[in-house]
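The values are calculated or read from the model by the stated rules, or taken from the named source; none is laboratory data. Since the structure is predicted, the reported quantities are computational estimates derived from the model, not experimental observations. With ideal geometry, Cβ positions are generated from the backbone for all residues, glycine too; neighbour counts draw on all protein chains shown. These accessible areas exclude ligands, DNA and RNA; they are computed on the full protein's heavy atoms, side chains included. Shrake-Rupley method; radii C 1.70, N 1.55, O 1.52, S 1.80 Å.
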Number of protein chains: 2
Amino acid sequence: MNCALAKGACNFVGKAAPLRFCIRNLSVRARRSVQQILTDATPAAGSEDARITSEGWIKAIRKTKKTTFFHLEDGSSIQGLQVVVADDNLRNLPLTFGSAVSVTGNLVASPAARQSVELVAESIKIVQENDHLAYPFKIKETHQPEVYREHLHLRPRAERFASMMRMRSAATMAIHEFFQEKGFVLVHTPILTGNDCEGGGEAFHVQSEKGDGKKKTEEFFGRPTVLTVSGQLHLEAAACALKRVYNVNPAFRAERQLSRRHLSEFWMVEAEVAFIDELDHLLQLMESLLKDITRNVLKKAPADFAFHMANVAEENHETKIVNMLENEFRRVTYGDALQILNQHRERFHNPPKDGDNLHRDHELFLVEHFGNLPLFITHFPVTCKPFYARIDDANPFHTLSADLIVPAVGELFGGSLREHRYDVIASKCGSGTEFEALKWYADLRRFGGPPCGGFGMGFERYLQYLLGISSIKDAIPFPRWLGHCDM
Amino acid sequence: MNCALAKGACNFVGKAAPLRFCIRNLSVRARRSVQQILTDATPAAGSEDARITSEGWIKAIRKTKKTTFFHLEDGSSIQGLQVVVADDNLRNLPLTFGSAVSVTGNLVASPAARQSVELVAESIKIVQENDHLAYPFKIKETHQPEVYREHLHLRPRAERFASMMRMRSAATMAIHEFFQEKGFVLVHTPILTGNDCEGGGEAFHVQSEKGDGKKKTEEFFGRPTVLTVSGQLHLEAAACALKRVYNVNPAFRAERQLSRRHLSEFWMVEAEVAFIDELDHLLQLMESLLKDITRNVLKKAPADFAFHMANVAEENHETKIVNMLENEFRRVTYGDALQILNQHRERFHNPPKDGDNLHRDHELFLVEHFGNLPLFITHFPVTCKPFYARIDDANPFHTLSADLIVPAVGELFGGSLREHRYDVIASKCGSGTEFEALKWYADLRRFGGPPCGGFGMGFERYLQYLLGISSIKDAIPFPRWLGHCDM
């Protein structure tokens, strides 16, 4: 390695202007957002700072005899900038709900308690009118989530969905910061793959048009190709070189289910750590991920969180989140969990059965039983977990695995140590074509692959849990589910 | 909005312990990485700090009569930690190239100039041996890229690919930081869609197994569904609510091309800004994105950059990057570019033709002509750009569009203002079924959608440009291209 070059690289970094001075003459983009205007100090009346132009959409409009008021919103915050229109010429403009406008005027201290400043309009430009008679969302109305789902292209304009999207952005950043700070390397695992890692047979198949444009075939890659159900196997290959890796990636399931909990396309956060030999270390990593990103998101977006607590979540949802942050997560083995469930068999439509996966109502009962705190269920039997979960030497019917169950949502994380013995994993990878597709994965062990462990967290489920969102379809901007792939 | 709740949220953020104290008893993960060991100050001999355990893989092993030396690498840095093995019992262990080991010993100042410290081994645990006879990568050999591509699951273990992956991670973070700092909201645009936004007909089709598990059909979503070729149209829907949005997302093209420049699955960085009316503002945003993320990456990963300059890129590649950072990008209109190209017609296999897209050799010639700096080509004719590019009022044959061309790589960015007039865009969205699929997009204009503008940058092309990587297949961990979807 040539260190002089590295130093050279650093040098011109050092000489460069700070980032915020790099955009020249960007009058439009240099304008403050509504969020910034509302948090900056009120400018002195008549000062240059007080004269501003602000762009956004008309929301919450109301007219009195002499004055029109509306909120100017630009997506930067849950709160709008109150615009006061007294001039009759301006009042006669088509100031309709949802129209895009540019307002120039004076920023003054607001007499109302709700806001620190308001904008007294001197001129208003209608940038694009809203055909408000045809517009599906009505002023001053909060519609049922199903109504918004019928107009996905307009849905981000509804307050709660704009807020959810800001929270998604903040949460994604919190996740990156968590892992980067701990020396994890972000790995873009592939979407197209020949491996169906969970083995559920619920993968989407991919085909392309033949050269003649007429027939769709699967031969583009010369092999059957599916959309990934998880990046885990690929993360393991990367962990065998980079030790600590993670992804934030889309994943797909062709489950023929209609429920509040199913999406065909969703995002997952997965991490894989090499040289890990204790299940306990994995549990601690999951626990600190959930706590740390939640603290970080609340710090980044307190107003949007508060909006969700007041308008979206059930009552007392915030208490669940506070309790999660302030307490150690509970732990129970699958075996002990089964005993507890059996003591309350009469409560379940599907009674628990040893060797079977727990049902959602079992999981939610256990969470409640353990004080409504996140609950790790550990040591699932081999029949419940995919082929790659490591067998517990102390009990070969068990795996060194753990799911994290949270109130209301159910399973949030699934993780395990990975089987690191070549002969064990090779025998579990099946035979014939099936083995051929996974030979590379078994191979990792032949070539100095250390014990690994990792987990996946459903990102939309995390948002459901954090924000108290009832349907998972309302935790992603453009949901896809059985029969629905609009836009 | 209930502000007391927002404050409550802030309060428990404030009370929480700082992130770094949140992991309890994480002895394994709390261990320093090789990168940290090499940059920390040399501990005093015999001190507690000097006694360490470090895990990783054996690289660069050599044996003298009395001593074995190897580099312990753990993926955290390009440089390994030199391990000195003098004890004969340890020397007799199968210390083979590529094996995973855990070494305990004393960290001492190194007599060699290449490194500040070295680890004198007291005990070595072979965590997983490497079957080095079957291992496809040989010690002390740098193979051709094609060799590594045949073993994608092991490729991250080769120095240059581990380094590329660290750079990808650093570059992704730099991109997020650039946009977040400017108030952009990250939007996860969908992979599954009914819209083929570029209109090239080169989209992959998605199908699922029918309930009976036998037949694969397209009816899962009740409509033809493809993998996205770009998230732009969806970003526009989001920009009509959140004003400034971006994504870092996979995209797909079923191009039947074998070349150094084609991937079937790649990552794109796209941004969309609402209320933008000047092409110039878009150009400035692209220019500052490219400069700022490059400065940030060089600051985050100087050693990996230096490694690429010394071992991967052509000579003088670093000068191209320095020049890019220190100079304003050049600009030329499509019309002027065509004149220049016509003055040198004899140099081109495909002579330039008015109204046609420029060929790669035209683009690279123009970049050279303008001093080997990044070059914006602007105002492409309507025949060259997709239906959504805004028509220039000053010349209805032109669009308000710009591609950014960089040395060696060619097109790095494509962008334009978007057509914001409902009647113009509706007429360009086709008719019948075609229009039905894009009706939502045209609709954005009816409902208060302001003028938008945006761009897309090919992420792998950026890495090629930054690091001087010749084939795009070597700029992504698990490449997919015609006939190749291994793993």
What's the total number of residues in the range B:428-445 that are free of Cβ contacts under 8 Å to residues at least 24 places away in the same chain, hydroxyl-bearing (Ser, Thr, Tyr) and either assigned to a helix (DSSP H, G or I) or open to solvent by less than 20 Å² (accessible area, probe 1.4 Å) (or both)? 1
Those residues that are among the hydroxyl-bearing types (Ser, Thr, Tyr) and crowded, with 20+ Cβ neighbours inside 10 Å, I need them from the range B:136-162; list them, please. B:Tyr148
Output the number of the condition that B:His484 fails; it satisfies all remaining conditions of (1) out of contact with any Lys or Arg (no Cβ under 7 Å at 6 or more places or on another chain); (2) in the same structural domain as B:Phe221 (by TED's automatic domain parsing); (3) not aliphatic (A, V, I, L, M). (2)
Working only within the range A:267-308, note down all residues that are among the aliphatic types (A, V, I, L, M), closer than 30 Å to A:Val34 by Cα and either more than 8 Å from every other protein chain (Cβ to nearest Cβ) or in contact with an Asp or Glu (Cβ under 9 Å, 6 or more places away or on another chain) (or both). A:Ile293, A:Val297, A:Ala301, A:Ala306
When you check A:Arg461 against the structure, is it touching a strand residue (DSSP E or B) at 6+ places or on another chain (Cβ under 7 Å), open to solvent by 20 Å² or more (accessible area, probe 1.4 Å) and within 28 Å of A:Phe307 (Cα to Cα), yes or no? yes
In the range B:235-250, residue farthest from the chain's Cα centre (by Cα) [restricted to those that are more than 7 Å from chain A (Cβ to nearest Cβ) and within 21 Å of B:Arg461 (Cα to Cα)]: B:Tyr246
For B:Gly468, indicate whether it is open to solvent by 10 Å² or more (accessible area, probe 1.4 Å), without any contact (Cβ under 8 Å) to a residue 60 or more places away in the chain and at positive phi. no
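Table: residues versus (1) farther than 30 Å from A:Thr142 by Cβ; (2) at pLDDT below 95; (3) open to solvent by less than 30 Å² (accessible area, probe 1.4 Å).
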{"residue": "A:Val273", "(1), (2), (3)": "yes, no, yes"}
{"residue": "A:Leu282", "(1), (2), (3)": "yes, no, yes"}
{"residue": "A:Asp292", "(1), (2), (3)": "yes, no, yes"}
{"residue": "A:Asn296", "(1), (2), (3)": "no, no, yes"}
{"residue": "A:Thr319", "(1), (2), (3)": "no, no, no"}
{"residue": "A:Met324", "(1), (2), (3)": "no, no, yes"}
{"residue": "A:Arg331", "(1), (2), (3)": "yes, no, no"}
For the range B:309-318, what are the residues that are under 18 Å from the mean Cα position of the chain (by Cα) and either facing another protein chain (nearest Cβ under 7 Å) or of a type in the set (Ser, Thr, Tyr) (or both)? B:Met309
Just to verify a result, which residue in the range B:118-138, among those that are outside any strand (DSSP E or B) and touching a His at 6+ places or on another chain (Cβ under 8 Å), is nearest to A:Asp423 (Cα to Cα)? B:Pro136
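Results for (1) among the polar types (S, T, N, Q); (2) modelled with pLDDT of 95 or more; (3) over 31 Å from the mean Cα position of the chain (by Cα); (4) assigned to a helix (DSSP H, G or I), shown as yes or no for each residue.
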{"position": "B:Ile425", "(1), (2), (3), (4)": "no, no, yes, yes"}
{"position": "B:Met457", "(1), (2), (3), (4)": "no, yes, no, no"}
{"position": "B:Glu460", "(1), (2), (3), (4)": "no, yes, no, yes"}
{"position": "B:Ile469", "(1), (2), (3), (4)": "no, yes, no, no"}
With the requirement that a residue be at the interface with chain B (Cβ under 7 Å from one of its Cβ atoms) and farther than 20 Å from A:Arg166 by Cβ, what does the range A:467-487 give you? A:Arg480, A:Leu482, A:Gly483, A:His484, A:Cys485, A:Met487
Only one of A:Val332, A:Val382 is farther than 30 Å from A:Leu467 by Cα and away from chain B (no Cβ under 14 Å), namely A:Val382
Given the criteria of a type in the set (Gly, Ala, Ser) and more than 18 Å from A:Ser33 (Cα to Cα), does A:Ala86 qualify? yes
Take the residues of the range A:333-342 that are under 18 Å from A:Thr399 (Cα atoms) and of a type in the set (A, V, I, L, M): which is surrounded by the fewest Cβ atoms within 10 Å (Cβ to Cβ)? A:Leu338
Would it be correct to say that B:Met309 is surrounded by 14 or more Cβ atoms within 10 Å (Cβ to Cβ), touching a His at 6+ places or on another chain (Cβ under 7 Å) and closer than 21 Å to B:Leu466 by Cα? yes
Screening A:Ile175, A:Ile139, A:Ile191 for residues that are touching a residue at least 40 places away in the same chain (Cβ under 8 Å), under 30 Å from B:Met487 (Cα atoms) and more than 9 Å from chain B (Cβ to nearest Cβ) leaves only A:Ile175
Can you tell me which of (1) more than 7 Å from chain A (Cβ to nearest Cβ); (2) more than 22 Å from B:Pro381 (Cα to Cα); (3) in contact with a Ser or Thr (Cβ under 9 Å, 6 or more places away or on another chain) is the one B:Asn323 doesn't meet? (3)
Please determine whether any residue of the range B:107-122 is among the hydroxyl-bearing types (Ser, Thr, Tyr), more than 14 Å from every other protein chain (Cβ to nearest Cβ) and open to solvent by less than 40 Å² (accessible area, probe 1.4 Å). yes
Given (1) among the hydrophobic types (A, V, I, L, M, F, W, C); (2) in contact with an Asp or Glu (Cβ under 7 Å, 6 or more places away or on another chain); (3) at pLDDT 95 or above, number of the condition A:Ala203 does not satisfy: (3)
Of all residues in the range B:123-135 being open to solvent by 40 Å² or more (accessible area, probe 1.4 Å) and more than 24 Å from B:Ile37 (Cα to Cα), which is farthest from the other protein chains (Cβ to nearest Cβ)? B:Leu133
